[in-house]
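The values are calculated or read from the model by the stated rules, or taken from the named source; none is laboratory data. Keep in mind the model is a prediction, meaning the values are calculated, not measured. Don't worry about glycine lacking a Cβ; one is built from the backbone with ideal geometry, like all the others, and counts go over all protein chains shown.
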Amino acid sequence: METALTIRDLNKSFKQNLVLNSVDLTLKQGDVVYIKGANGSGKSTLLKIICGLMTADSGTIEKANEVYIGALIENPSFVESASLKKNLQFLLGLRHKTPDTLARALCERFDLNFENKKPIRSYSVGMKQKAGIIQALMEDQNVILLDEPTRGLDKKSIQTYLDVMREQIAQGKTIVVASHDYEDIGFNRWLELDDGKLCELETPDNDLAR
């Protein structure tokens, strides 16, 4: 498989706290990666740096030309006074004029009314989370970064999430999930971020659900 993304010697500190310490990671096309780590271990920071929301202190990230990243990191942010439709169409228009066909289909899958005119500020945490997952997938992105994707989701929505993500895997997408809730979508790699170091695990261990 071809390489989608390579991270070399990535470092990030906040004040005197070294969060990422010489992190190395290579993602091949089609990799499905789970990252475990305690609160504050740097999982969200790593994903933010990969998708350009935060700058590393040092190190490099090389992305293949065809890489197009979709991401849900921490709590999804929207224009709270606008509807779901206006939010998703605005995001679709930032990069290029992408049809909203996939966005509409995903909304239906996740039981969200694309045409609902209510402002998104009226949505529950779970509804906003589903909207966050949708925006990470709706442009057929080929590298998907998800941070605590099942936060606030009910059982039905979690099952929809699992079904949708397994479909993404079948399409050959590269997926990275950082989460405390181990919902197995079909991972082929397991990593642990601890004390700033990212280590590869040979197999999932018994503590992944904690």
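Assess whether Ile49 counts as being among the aliphatic types (A, V, I, L, M), within 20 Å of Gly196 (Cβ to Cβ), crowded, with 18+ Cβ neighbours inside 10 Å and modelled with pLDDT under 95. Considered against the rule, which asks whether it is among the aliphatic types (A, V, I, L, M), within 20 Å of Gly196 (Cβ to Cβ), crowded, with 18+ Cβ neighbours inside 10 Å and modelled with pLDDT under 95, Ile49 comes out as no. Yes or no: Arg95 under 20 Å from the mean Cα position of the chain (by Cα), exposed (fewer than 12 other Cβ atoms within 10 Å of the Cβ) and within 25 Å of Glu167 (Cα to Cα)? Yes, satisfied.
When each of Asp181, Asp154 is tested for being under 17 Å from the mean Cα position of the chain (by Cα) and acidic (Asp, Glu), the lone residue that passes is Asp181. For segment 1-23, residues that are more than 13 Å from Ser58 (Cβ to Cβ), in contact with a strand residue (DSSP E or B) (Cβ under 9 Å, 6 or more places away or on another chain) and of a type outside the set (A, V, I, L, M) total 3.
Here the condition is being within 25 Å of Glu183 (Cα to Cα), modelled with pLDDT of 95 or more, more than 16 Å from the chain's Cα centre (by Cα) and surrounded by fewer than 15 Cβ atoms within 10 Å (Cβ to Cβ); of Thr26, Thr60, it holds for Thr26 alone. Pairs linking a residue in segment 37-58 that is among the polar types (S, T, N, Q) to a residue that is part of a helix (DSSP H, G or I), with Cβ atoms under 8 Å and 6 or more positions apart or on different chains, are Thr55/Ile49.
Going by the structure shown, is Lys130 under 29 Å from Lys156 (Cα atoms), among the charged types (D, E, K, R) and in contact with a Cys (Cβ under 9 Å, 6 or more places away or on another chain)? When the stated conditions are applied, Lys130 passes them. For segment 54-76, the set of residues classified as hydrophobic (A, V, I, L, M, F, W, C), touching a helix residue (DSSP H, G or I) at 6+ places or on another chain (Cβ under 8 Å) and over 18 Å from Leu137 (Cα atoms) consists of Met54, Ala56, Ile61, listed by residue number. Considering segment 1-22, and only residues there that are crowded, with 20+ Cβ neighbours inside 10 Å and closer than 14 Å to Leu47 by Cα, the residue that is nearest to the chain's Cα centre (by Cα) turns out to be Leu5. Evaluate the following for Ser44: is it polar (S, T, N, Q), under 28 Å from Ile169 (Cα atoms) and surrounded by 13 or more Cβ atoms within 10 Å (Cβ to Cβ)? For Ser44, the condition - polar (S, T, N, Q), under 28 Å from Ile169 (Cα atoms) and surrounded by 13 or more Cβ atoms within 10 Å (Cβ to Cβ) - is met. Residues that are charged (D, E, K, R) and within 24 Å of Asp163 (Cβ to Cβ): does segment 37-60 have at least one? Checking segment 37-60: not a single residue is charged (D, E, K, R) and within 24 Å of Asp163 (Cβ to Cβ).
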